[in-house]
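Have a look at the structure below, then the notes.
The values are calculated or read from the model by the stated rules, or taken from the named source; none is laboratory data. Model, not experiment: these values are computed from the prediction. No Cβ is skipped: glycine too gets one built from the backbone with ideal geometry, and neighbour counts run over all protein chains shown. Calculation scope for accessible area: heavy atoms of the full protein, side chains included, ligands and nucleic acids excluded. Shrake-Rupley method; radii C 1.70, N 1.55, O 1.52, S 1.80 Å.
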Amino acid sequence: MAALELDTLTKSYGALRALDGVSFTVGAGEIFGFVGSNGAGKTTTMRIVLGVLAADGGTVRWDGRPITLDDRRQVGYMPEERGLYPKMHVGDQLEYLARLHGLTPQAARASARRWAETLGVEQRLGDEVQKLSLGNQQRVQLAAALVHDPELLVLDEPFSGLDPVAVDVMSGVLNDRATAGVPVIFSSHQLDLVERLCHRVGIIKTGRMVATGTIGELRATDRPRWEVVGPTDPSWLAAVPGARVLSQAGDRTVVEAAGDGQDVLRAALATGPVHEFTPSRPSLTDLYRHVVSDVVSEEVAR
Ligand SMILES: Nc1ncnc2c1ncn2[C@@H]1O[C@H](COP(=O)(O)OP(=O)(O)OP(=O)(O)O)[C@@H](O)[C@H]1O
Ligand SMILES: [Mg+2]
């Protein structure tokens, strides 16, 4: 199996620079979580990978060479705007898509059924897509992306609108495809899910990658943090230069500070008993907040 490489992609819509040198790699068998605020450039990037949108500059490589039309036919894509025909029956639709990708009628039918079963929508094969609930339509969308046994998966917010069981099913399918060697890239705003599922993560902000790596690698660039249970006086940390309170609830404070934390502990003890003092690992949500700061919408920021 091959790797997908994005090399300094640029894209403008008129005066708006939507992508400004986006580069990252998704290796064979790797699940890559693509995160960023609304309007940051995720969908634009994925459309360029698929070739439904042309980049102004930069290169998409597959297996070390510029991606071709033939390669792109081997991609399983879940577009943001979703692409099912509302009045077509689920089974017909899946078979049709499989046929479009070159499967024989028999193989297309078998694959449609297999993926419908895996995703728990086999009872709906004879129903029109528009009669399905949003989450079930989404399951069919994933089946549509998988029905031709793709060599690369590009999924734009595949988890939005899914119930917890469907999230588990979808996660299982992505893990399974990755284990088979397929590079998987998906965008999501559900950072806990991304943290749980992805081998690597890329954070995009106003068209630029601001962080790429494993969660561990992203954590390593963050300052150490400590969770302290004891002091309730809000000013107890003032004695430690450069330290910052990240959150405080009752007697539980999360502190960011350089060094080994001993000065934080001393400052805490100076105010009274300390019941707990532990290094605290930032979640992806914490890391994300840090690199993206508090820009709520990239569109507003532009
Ligand atoms: N067809 C278009 N014409 C003009 N501007 C566009 C077009 N498509 C996207 N943009 C702009 O490009 C920027 C990137 O949009 P994009 O859809 O890639 O963001 P996104 O990261 O997918 O956001 P979201 O999380 O909301 O889906 C935004 O500022 C958006 O307004
Ligand atoms: Mg998008």
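Here are the numbers:
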quantity	calculated
Members of the range 96-151 that are of a type in the set (D, E, K, R) and over 18 Å from Met170 (Cβ atoms)	Arg99, Arg109, Arg113, Asp127, Glu128, Lys131, Glu151
Filter result (in a strand (DSSP E or B), aliphatic (A, V, I, L, M) and modelled with pLDDT of 95 or more) within the range 171-217	Val184, Ile185, Val201, Ile203, Ile204, Met209
Any hit, the range 54-74, residues being in a loop (DSSP other than H, G, I, E, B) and among the basic types (Lys, Arg)	no
Count - residues of the range 126-160 that are away from ligand 2 (no atom under 16 Å from the Cβ) and on the phi > 0 side of the Ramachandran plot	1
Residues satisfying the stated conditions in the range 167-221, i.e. of a type in the set (Ser, Thr, Tyr), open to solvent by 20 Å² or more (accessible area, probe 1.4 Å) and in contact (Cβ under 8 Å) with a residue 12 or more places away in the chain	Thr179, Thr206, Thr212, Thr214
Leu53 vs. criteria within 13 Å of ligand 1 (Cβ to nearest atom) and over 17 Å from Thr206 (Cβ atoms)	yes
Sole exception among (1) more than 17 Å from Arg177 (Cβ to Cβ); (2) open to solvent by 60 Å² or more (accessible area, probe 1.4 Å) for Ser12, by number	(2)
Residue list for the range 149-170, restricted to those being more than 16 Å from ligand 1 (Cβ to nearest atom) and either at pLDDT below 95 or farther than 19 Å from Trp62 by Cα (or both)	Asp149, Leu162, Asp163, Pro164, Val165, Ala166, Val167, Asp168, Val169, Met170
Residues within the range 20-36 that are within 14 Å of ligand 1 (Cβ to nearest atom) and either open to solvent by 10 Å² or more (accessible area, probe 1.4 Å) or of a type in the set (D, E, K, R) (or both), tallied	1
Leu103 open to solvent by 10 Å² or more (accessible area, probe 1.4 Å), touching a His at 6+ places or on another chain (Cβ under 8 Å) and within 25 Å of Val147 (Cα to Cα)	yes
Hits in the range 154-166 - residues which are without any contact (Cβ under 8 Å) to a residue 40 or more places away in the chain, of a type outside the set (Gly, Ala, Ser) and not in a helix (DSSP H, G or I)	Phe159, Leu162, Asp163
Yes/no for Thr59 being more than 12 Å from ligand 1 (Cβ to nearest atom), open to solvent by 10 Å² or more (accessible area, probe 1.4 Å) and of a type outside the set (Asp, Glu)	yes
Condition met for Ala267 (touching a residue at least 60 places away in the same chain (Cβ under 8 Å) and surrounded by 17 or more Cβ atoms within 10 Å (Cβ to Cβ))	no
